[in-house]
Amino acid sequence: MSGRRLREAIKAEFATYGMQNMTVVLSGLCNVYTHYVTTYEEYQVQRYEAASTIYGPHTLSAYTQLFRVLAKAIATDTVANLSSGPEPPFFKELIIPLIPNIVDRAPIGKTFGDVLQPLNPKYRVGEVAEVTFVGANPKNSAENRTHQTFLTVEKYEDASGTWQVVHNDASWETRFYWHKGLLGHSNATIQWHIPDTAHPGIYRIRYFGHNRKQDFLKPAVILAFESTSSAFEVVTT
């Protein structure tokens, strides 16, 4: 019933400003949850849904009021004039990590980003280029965000003499695997599933990470590192 009333209110607001017969769809964003929203009447009964409407009996009215304001702004093309409202609190400092942060360690004689399993010198389209590096916990990168991606696939451009990024970790063709070892050791494997649309030429794969370091009686620090594979050729036949 709450959804029906909210849709009807939004539709009526659009109609007030000349936008008739609008189709209103309520769709929640991923990972957004504000518990139940019941009507005022349902709230009085205090069954499960009403008891779980944690912002009280006027929750629906508050939503309706705000969505009517938004509908008006859309209808009158004044969305840019809306206030952004208060910033929500950020409780990161109050969160106790359930998984302890451990120091990252590289094998003796190695450093973070060193290549453990190199690439082949040549691949054909349709094959998988794979390289393994001395890695560190990706969680460190998520917390620091010095780099915007864990990996890039880059192509050498003869005309400019520069490397151009053609894929990153958001690309469908790439894979990033973190292999956790013992006592802070880990490896990172990067794959590029070379598509049929790839242009022949010289390529390389780069790895971006962060390692957690802690000296005796000193606070832990997060250090950024990056590494580059050997160059390899992609051919069509």
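The values are calculated or read from the model by the stated rules, or taken from the named source; none is laboratory data. Here the structure is a predicted model, which is why all the values come from computation and not from measurement. Note: ideal-geometry Cβ built from the backbone for every residue, glycine included; neighbour counts use all protein chains shown. When the accessible area is computed, the model is the full protein with side chains, heavy atoms only, and any ligands, DNA or RNA have been set aside. Shrake-Rupley method; radii C 1.70, N 1.55, O 1.52, S 1.80 Å.
Looking at the chain, the accessible area is 68 square angstrom per residue; that uses a 1.4 Å probe and ignores ligands, DNA and RNA. The candidate values were [x] 1, 6, 12, 15, 16, 15, 13, 9, 6, 3, 2, 1, 1, 0, 0, 0, 0; [y] 1, 7, 14, 18, 19, 16, 12, 7, 4, 2, 1, 0; [z] 1, 5, 10, 11, 10, 8, 7, 7, 9, 10, 10, 7, 3, 1, 0; the one computed from these coordinates for P(r) over Cα pairs in 5 Å bins from 0, in percent carries the label [z]. Here each label is just a point 7 Å from Cα along the line to Cβ, and for Asp114 and Leu29 those points are 4.4 nm apart.
Would you please classify the overall shape of the stretch 157-237 from the alpha carbon gyration tensor, given that a ≥ b ≥ c denote the square roots of the eigenvalues, rounded means a/c under 1.5, and beyond that prolate means a/b larger than b/c while oblate covers the rest?
On the way: a/c = 3.30, a/b = 2.12, b/c = 1.56.
The shape class here is prolate.
Here the stretch 60-162 is treated as an ellipsoid with the same Cα gyration tensor; its semi-axes, largest first and in whole Å, are 46, 27, 13.
Of the residues Leu116, Ala51, Phe176, the one whose Cα sits farthest towards the positive end of the charge dipole of the chain is Ala51 (charges of +1 on Lys and Arg Cβ, -1 on Asp and Glu Cβ, taken about the Cα centre).
In degrees, nearest 10, range 0 to 90: what is the angle between the Cα axis of helix 2-16 and the longest Cα principal axis of the chain? Roughly 80 degrees, rounded to the nearest 10. The Gln44 and Ala15 beta-carbon pair, evaluated with R₀ = 35 Å, returns a calculated FRET efficiency of approximately 0.70. Counting only alpha carbon atoms, the long axis of helix 59-75 and the longest principal axis of the chain meet at about 80°. A Förster distance of 35 Å, applied to the separation of the beta-carbon atoms of His193 and Ile102, puts the FRET efficiency at 0.65. Among the trypsin sites (Lys or Arg not before Pro) found in the stretch 1-86, those both in a DSSP coil and sparsely packed, with 12 or fewer other Cβ atoms within 10 Å of their Cβ, are Arg47.
Overall, the accessible surface of the chain at a probe of 1.4 angstrom is composed of carbon and sulfur to the extent of 56 percent.
Solvent-free Debye calculation, one equal scatterer per alpha-carbon of the stretch 96-237: log10 I(q)/I(0) at 0.18, 0.19 Å⁻¹ equals -1.00, -1.08. Between the beta carbons of Ser52 and His179, assuming R0 = 41 Å, the FRET efficiency works out to 0.50 to the nearest 0.05. Which lysines, if any, have their Cα less than 16 Å from the Cα of Lys180, not counting same-chain residues under 8 positions apart? Candidates past the 8-residue exclusion: Lys139. With both labels modelled 7 Å from their Cα along Cα-to-Cβ, the Val125 to Thr146 distance reads 3.8 nm.
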